[in-house]
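S.K.: What follows is a structure written as structure tokens; I'll ask about it next.
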Amino acid sequence: TACGNSDTGGGSGGDKKIVLGFSQVGAESGWRTANTTSIKESAAAAGIDLKFDDAQQKQENQIKAIRNFIQQKVDVIAFSPVVESGWDTVLKEAKDAKIPVILTDRAVDSADKSLYKTFLGSDFVKEGKAAGDWLVENTKDATGQVNIVQLEGTTGSAPANDRTKGFAEAIAANPKLKIIASQSGDFKRADGKQVMEQFLKANPKIDVLFAQNDDMGLGAIEAITAAGKVPGKDIKIITVDAVKDGMQALADGKFNFIAECNPLLGPQLMELVKKVKAGETVPERIETKETTFTQDTAKAALPDRKY
Ligand code: GZL
């Protein structure tokens with residue numbers, strides 16, 4: 001018989017492209033933009049046919065997108081869940097349709113680990129702990145109470161839950177450190193500014209801001225400056241992410257410390273997609289490598305930052 005290309009699907013050797021359905025959280029921050037770019041560029045480089053959906057930070061849009069991917073019979077589904085809970089039903093539908101699912105960036109709280117093949121992303125508790133450890137180290141000589149305000153990420157999201165947890169556990173080491181106000185700024189610059197304005201009105205003495213991403217910290221700088229205070233001096237600012245704008249603020253002395261959260265997950269995701277499509281086993285958890293920055297190390301690192 002003719003030995004032309006049999007239709008072996010997207011696996012190795014087949015000539016059909018792997019089709020990946022990806023549901024993205026939205027476009028809320030500099031981190032998200034960099035993450036989306038990494039995913040799109042890596043899919044193209046890997047020869048993977050990417051179906052990309054932006055959920056505008058709404059869980060119902062992500063569920064709709066995943067159902068569409070199931071209808072389209074994509075080879076693999078990957079997504080960054082905007083919140084931790086409420087995924088079991090749609091993930092069971094993907095499992096019943098025999099479409100493997102990969103979690104990237106954020107986790108889900110499903111007890112049933114068979115609903116997804118792997119979770120590729122950062123350890124957000126560690127990021128919160130790194131922020132808290134820096135503050136403990138840098139307030140050792142404080143005489144009175146150190147008043148902290150906290151801008152939390154999107155309510156119900158894994159990064160907000162876990163950064164809050166990691167930070168609180170770390171600062172318990174110094175009883176002078178007190179979180180006097182904490183509220184979500186939804187990982188957005190405008191919301192961060194608004195909430196910081198409220199914090200400033202309600203609290204005459206604020207010593208430290210922990211913003212759970214750079215964008216909310218950058219919004220807060222506008223509010224702090226408008227209130228006649230000096231960011232980085234009158235109010236110390238600690239953030240997470242280390243996107244370019246945040247690293248610039250750190251180098252300029254307006255931020256004091258950043259715990260990096262690496263958004264460049266694209267290349268690893270595409271390797272996992274190929275392995276999962278080929279039926280290979282993959283580790284159930286792959287933790288992103290990342291570091292932290294001070295004002296001095298930010299100045300040195302800025303010229304080479306990719307995002
Ligand atoms: C973290 C990611 C968070 C970033 C924010 O992995 O989910 O969402 O820290 C982004 O900047 O909006």
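S.K.: Work through the residues other than Gln248 whose Cβ is under 12 Å from its Cβ and net out their charges, Lys, Arg +1 and Asp, Glu -1.
M.R.: Once positives and negatives cancel, what remains is +1.
S.K.: Nearest 20 debye, what's the magnitude of the dipole of segment 186-307 about its Cα centre given +1 on Lys and Arg Cβ and -1 on Asp and Glu Cβ?
M.R.: Dipole size: approximately 100 debye.
S.K.: Between rounded, prolate and oblate, where does segment 148-297 land on the alpha carbon gyration tensor, with a ≥ b ≥ c its root eigenvalues, rounded for a/c under 1.5, else prolate if a/b exceeds b/c?
M.R.: prolate
S.K.: Further question on the same structure: In the chain, if the dipole is taken from +1 on Lys/Arg beta carbons and -1 on Asp/Glu beta carbons about the Cα centre, which of Ile148, Thr37, Pro263 is farthest to the positive end?
M.R.: Going by the charge dipole, the pick is Thr37.
S.K.: Here is a further query. Pairs on different chains or at least eight residues apart, Cα atoms closer than 13 Å: how many lysine pairs in segment 80-189 fit?
M.R.: Count of close lysine pairs: 8.
S.K.: Also, I was wondering about something else. Output the 0 to 90 degree angle, nearest 10, between the alpha-carbon long axis of helix 59-71 and the longest principal axis computed from the alpha carbons of the chain.
M.R.: 10
S.K.: Round to the nearest 10 and give me the degree value, 0 to 90, for the angle of helix 214-226's Cα axis relative to the longest principal axis of the chain.
M.R.: It works out to around 30 degrees.
S.K.: Would you work out the Kirkwood radius for segment 25-110? I mean one over the mean of 1/r across all pairs of different Cα atoms, in Å.
M.R.: 13.4
S.K.: For the chain, how big is the tail of P(r) above 27 Å, as a whole percent of Cα pairs?
M.R.: Counting pairs separated by more than 27 Å, the tail of P(r) holds 44 percent.
S.K.: Still on this model: Among Val25, Ala242, Ser157, pick out the residue whose Cα is farthest towards the positive end of the charge dipole of the chain, where Lys and Arg carry +1 and Asp and Glu carry -1 on C-beta, about the Cα centre.
M.R.: So the residue furthest toward the plus end is Val25.
S.K.: For the chain, what is the calculated [θ] at 222 nm in deg cm²/dmol (nearest 500), taking -39500 (n - 2.57) for each run of four or more DSSP H residues and dividing by its residue count?
M.R.: -12500 deg cm²/dmol
S.K.: Measure of size requested: the Rg and Dmax of segment 181-229, with Cα atoms as the atom set and Å as the unit; please supply both.
M.R.: 9.5, 25
S.K.: Give me the Kirkwood hydrodynamic radius of segment 1-146, using the inverse of the mean 1/r over all pairs of distinct Cα atoms, in Å to one decimal.
M.R.: Evaluated on segment 1-146, it is 17.5 Å.
S.K.: Keeping every protein chain present and rolling a 1.4 Å probe, give me the accessible area per residue for segment 231-307 in Å².
M.R.: 47
S.K.: Let me ask something else about it. Could I have the simple spin-label model distance between Ala190 and Lys176, label points 7 Å from Cα toward Cβ, reported in nm to one decimal?
M.R.: The two pseudo-label positions are separated by 4.0 nm.
S.K.: For segment 87-177, what's the radius of gyration and Dmax over Cα atoms, in angstrom?
M.R.: So, for segment 87-177, Rg and Dmax equal 18.0, 61 Å respectively.
S.K.: Let me ask another. Quick one: helix 266-277 against the long Cα principal axis of the chain, what's the angle to the nearest 10°, folded into 0 to 90?
M.R.: 30
S.K.: What is the dipole size for the chain, taken about its Cα centre, with +1 at each Lys and Arg Cβ and -1 at each Asp and Glu Cβ, in debye to the nearest 20?
M.R.: 120
S.K.: First compute the accessible area of segment 30-128 with a 1.4 Å probe, then give the percent of it belonging to carbon and sulfur atoms.
M.R.: Roughly 49 percent of what the probe reaches on segment 30-128 is carbon or sulfur.
The values are calculated or read from the model by the stated rules, or taken from the named source; none is laboratory data. All of these numbers come straight from a predicted model, not from anything done at the bench. We place every Cβ from the backbone using ideal geometry, glycine too, and count neighbours over all the protein chains shown. Ligands, DNA and RNA are stripped out before the accessible areas are found, and what is left, the full protein with its side chains, is counted by its heavy atoms. Shrake-Rupley method; radii C 1.70, N 1.55, O 1.52, S 1.80 Å.
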